[in-house]
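Only one structure is covered here, and it is reproduced in the block below.
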Amino acid sequence: MMSPVSMLVTELLFGFASLPEAQRKLFLTQLNQFIVASPRQRRLQIQMWQQANNPVERQVPSDRTS
């Protein structure tokens, strides 16, 4: 039986293989940039990815009046 991590990696690889060629190239370019980035640049990139992955959290209005 595969471990949960191995299953996740397999799913990610399948997702990558399913991308159109142009998107695979974009993914690999961004991955290469991340690999050679400094630790600070990596942290910033991770934060940008998190924000892009959670757009609702960024756009929630703070107009609650309780």
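Once the chain from ALA37 to THR10 is taken as fully extended at 0.36 nm per residue, the excess over their C-alpha distance is 7.2 nm. Spacing of the modelled spin labels on GLN45 and LEU19, each 7 Å from Cα toward Cβ, amounts to 1.2 nm.
Each reported figure results from applying straightforward, stated rules to the coordinates on display, with no laboratory input. Model, not experiment: these values are computed from the prediction. Here Cβ is always computed from backbone atoms with ideal geometry, including for glycine, and neighbour counts include all displayed protein chains.
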